[in-house]
1. Out of the residues in the range 1-47 meeting the condition of being of a type in the set (A, V, I, L, M), farther than 30 Å from Gly80 by Cβ and within 16 Å of the chain's Cα centre (by Cα), tell me which one is surrounded by the most Cβ atoms within 10 Å (Cβ to Cβ).
2. Go through the residues of the range 25-46 one by one and say whether even a single one is basic (Lys, Arg) and without any contact (Cβ under 8 Å) to a residue 24 or more places away in the chain.
3. Return the only residue of Phe164, Phe156, Phe129, Phe145 being aromatic (Phe, Trp, Tyr), exposed (fewer than 15 other Cβ atoms within 10 Å of the Cβ) and either in contact (Cβ under 8 Å) with a residue 60 or more places away in the chain or in contact with a strand residue (DSSP E or B) (Cβ under 6 Å, 6 or more places away or on another chain) (or both).
4. What's the total number of residues in the range 132-142 that are out of contact with any helix residue (DSSP H, G or I) (no Cβ under 8 Å at 6 or more places or on another chain) and touching a residue at least 40 places away in the same chain (Cβ under 8 Å)?
5. Under 7 Å by Cβ, and 6 or more places apart or on different chains, what pairs join a residue from the range 85-103 that is more than 20 Å from Leu42 (Cα to Cα) with one that is part of a strand (DSSP E or B)?
6. Identify all residues within the range 131-152 that are farther than 19 Å from Asp5 by Cβ, assigned to a strand (DSSP E or B) and of a type in the set (D, E, K, R); write none if there are none.
7. Would you point out the residue of the range 115-125, among those that are touching a strand residue (DSSP E or B) at 6+ places or on another chain (Cβ under 6 Å) and over 15 Å from Ile98 (Cα atoms), that is surrounded by the most Cβ atoms within 10 Å (Cβ to Cβ)?
8. Consider Gly54 carefully, then state whether it is of a type in the set (Gly, Ala, Ser), closer than 22 Å to Leu20 by Cβ and surrounded by 18 or more Cβ atoms within 10 Å (Cβ to Cβ).
Amino acid sequence: MAILDKWTLDFISNSVEQTLRLGVRLGELLQPGDLVCLSGELGSGKTVVARGAGRGWGTAVRVTSPTFTLVNAYPRSVDGRILYHVDCYRLETQADAITTGLEDILAGDGALMIEWPERIESMLSDDRFTISLAYESETRRRLRFQARGERSTQLFEAFKQSAFGA
């Protein structure tokens, strides 16, 4: 683990299970209104992190990639609060995002994970927790965690403590 600055942390995951566990730690800390951006090429592990976050969030529904449905909603078992998982890979313009109702989800009170956030950058809040993933090898992934904004900084600090004891 390398702490690059106050708001940035780099980590190498050596297995799918380790990446999944990081997602679980994050999901346990998510609150309604949180925005998590998952950035990286196809196969870099974005959906693995999302699957772990769903488990940590407490949904009884299996988290899957919403590439073809665009949005999946995962209710938390204890209170019914929703964790939205959005995949913007198939969106070509911001107008595409608007016609799909994404504005309503962004303005809602659920927690939100977005894959391919760069496709709707101008629609997103400045307060966000970003995880950039990179494929290193069949089992290794490089993850960069970054916080921007007050709530995301709080989430980042809690995540560092929970996942790394730092």
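1. Among them, the one singled out is Leu9.
2. Here is the first cut: in the range 25-46, the ones basic (Lys, Arg) are 25, 46.
Pick out the ones that are also without any contact (Cβ under 8 Å) to a residue 24 or more places away in the chain and you get none.
There is no residue in the range 25-46 that is basic (Lys, Arg) and without any contact (Cβ under 8 Å) to a residue 24 or more places away in the chain.
3. None of the other options fit; the residue is Phe164.
4. 6
5. Partner pairs satisfying both residue conditions: Leu102/Val86.
6. The one that is farther than 19 Å from Asp5 by Cβ, assigned to a strand (DSSP E or B) and of a type in the set (D, E, K, R): Arg141.
7. In this case the residue turns out to be Glu115.
8. yes
The values are calculated or read from the model by the stated rules, or taken from the named source; none is laboratory data. None of these values were measured; they are calculated from a predicted model. Quick reminder, even Gly has a Cβ in these numbers, built from the backbone with ideal geometry, and neighbours come from all protein chains shown.
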